[in-house]
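Below is one structure, written out as structure tokens; comments come after it.
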Amino acid sequence: MSTADARLGSADQRIEVVVVPVSDVERAKEFYGRLGWRSDAVPAWAPPGGVQLTPPGSACSVQFGEHLTPAPPGSATAILVVSDIEAARDALLAAGVEVDEIFHIGPQGRIPGLDPGRGSYRSQASFRDPDGNTWRLQEITSRLPGRVDPAPASYSSVTELASALRRAETAHGEHEKRTGEPDADWPTWYATYMIAEQAGTELPT
């Protein structure tokens, strides 16, 4: 690895904004607003009429507007990570968005319904905005090794934290069944489980 490559690898490079090609800015703004996406201030350098919104819990925003991208409207595809795909799909349906049925990925490809073990990266569902840009929901509760920095766990919303606590509670119940005795230090076990789950390291048993 060259010295330049090493310097680049050690510098944070966070995705800030993704441009979504749309044909009607106001229509797109109304649609994404119904999803609960936050309307942000647009940077001064952006062309007039541009819009920026951010999904709940996301560090990356989307922008759309005239002259932002030469891509044709409806050509974008992106993934939205959720901790509970059933709850996320229900919320979208309640907002009047058409969402495909949930499916999961098996050895032979796509299979209707949730992944039986609720494995991370497996359960998915898709919806489209008025222009046809595709957003794919993907349920992720624990990351593959190397997909996150080895830093303390963090949760971007109450819903995400609550889901993590419920998973820890379920796993801790199985832990107590295996040991045959109550665990008085359950907070430490929960914390160990939740940090390992988010970092993609070995879970406690």
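The numbers here are math on the coordinates, done by the rules we state, and not lab data. Since the model is a prediction, treat every value here as computed from it, not as a measurement. Note that each Cβ is placed from the backbone with ideal geometry, even for glycine, and that neighbours are counted across all protein chains shown.
Suppose we keep just the DSSP beta bridges with both residues in the chain; what percent of those would be antiparallel, to 5?
Here the antiparallel bridges make up roughly 65 percent for the chain.
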Identified option (computed P(r) over Cα pairs in 10 Å bins from 0, in percent; candidates (i) 7, 27, 30, 24, 10, 2, 0; (ii) 7, 25, 24, 17, 14, 9, 3, 1, 0; (iii) 10, 39, 39, 11, 1, 0): (i)
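Give the peptides 105-118, 88-101 in descending order of average Cβ contacts within 10 Å, highest first.
Top to bottom by mean Cβ count within 10 Å: 88-101, 105-118.
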Treat the count of other C-beta atoms within 10 Å as a stand-in for reagent exposure and order H172, H104, H67 from fewest to most. H67, H172, H104
Centroid-to-centroid separation of the range 13-35 and the range 164-205 [C-alpha atoms, Å]: 39
Among R122, R27, R14: highest mean-square fluctuation, GNM of the chain, C-alpha pairs under 10 Å: R14
Roughly how many nanometres apart are two label points built 7 Å out from the Cα toward the Cβ at R110 and A87? 2.7
Over all distinct Cα pairs, what is the inverse of the mean 1/r for the range 14-121, reported as the Kirkwood hydrodynamic radius in Å? 15.8
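Based on the Cβ-Cβ distance from S157 to A184, what FRET efficiency comes out when R0 is 41 Å, to the nearest 0.05?
According to the calculation, E is roughly 0.85.
What is the order of D185, D84, fewest Cβ neighbours within 10 Å to most?
D185, D84
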With Cα atoms, 0 to 90° folded angle of helix 85-94 axis to the chain main axis: 40
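Express as a percent, rounded to the nearest 5, the fraction of DSSP beta bridges in the range 7-113 (both residues included) that run antiparallel.
Among the beta bridges of the range 7-113, antiparallel pairing accounts for roughly 75 percent.
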